[in-house]
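The values are calculated or read from the model by the stated rules, or taken from the named source; none is laboratory data. Source: prediction; values computed, not measured. FYI the Cβ positions are ideal-geometry reconstructions off the backbone, even for glycines, and counts take in every protein chain you see. These area figures cover heavy atoms from the full protein model, side chains too; ligands, DNA and RNA do not enter into them. Shrake-Rupley method; radii C 1.70, N 1.55, O 1.52, S 1.80 Å.
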Amino acid sequence: MEELGRSLASCGRERIKYHIPHTGFFTSIEFEDTKVEALIQSLQLKNIYITDSRRFYLPEFMRENTVRLSICRVSEDRIR
């Protein structure tokens, strides 16, 4: 997860918010100006699978344009 944090911090986009937990498998990434449906489809063409996080929230806490990412089976080299 540390490598993911460094990669996200270095991308230079102020319109991306993310939460990387100290423990666990999932990271939440929120995009201010990106439609996640298009991002999900584009990444799937590259065999990168992410999930729209709307289904993980109760309706009153739902977040738009947020994805859930697991990197539990990915080497640090592939994160960079």
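Within the stretch 56-80, can you find the residues that are hydrophobic (A, V, I, L, M, F, W, C), over 18 Å from L39 (Cα atoms) and at pLDDT 75 or above?
Going through the stretch 56-80, the residues hydrophobic (A, V, I, L, M, F, W, C) turn out to be 56, 58, 61-62, 67, 69, 71-72, 74, 79.
With over 18 Å from L39 (Cα atoms) added as a condition, the list becomes 56, 58, 61-62, 72, 74.
Of everything in the stretch 56-80, those that are hydrophobic (A, V, I, L, M, F, W, C), over 18 Å from L39 (Cα atoms) and at pLDDT 75 or above turn out to be F56, L58, F61, M62.
Among the residues of the stretch 6-20, what is the count of those that are surrounded by 15 or more Cβ atoms within 10 Å (Cβ to Cβ) and among the hydrophobic types (A, V, I, L, M, F, W, C)?
3
Taking the stretch 21-41 as the search range and keeping residues that are open to solvent by less than 100 Å² (accessible area, probe 1.4 Å) and farther than 18 Å from E64 by Cα, which one is modelled with the highest pLDDT?
Filtering first and then ranking leaves P21.
If I ask for residues that are in contact (Cβ under 8 Å) with a residue 24 or more places away in the chain and in a strand (DSSP E or B), which ones from the stretch 17-45 would you list?
F26, T27, S28, I29, E30, F31
Any residue at all in the stretch 9-16 that's part of a helix (DSSP H, G or I), at pLDDT 75 or above and either over 14 Å from the mean Cα position of the chain (by Cα) or basic (K, R) (or both)?
Looking for residues that are part of a helix (DSSP H, G or I), at pLDDT 75 or above and either over 14 Å from the mean Cα position of the chain (by Cα) or basic (K, R) (or both), one finds at least one in the stretch 9-16, hence yes.
Based on what the data block shows, is E3 open to solvent by less than 80 Å² (accessible area, probe 1.4 Å) and acidic (D, E)?
Criteria met by E3.
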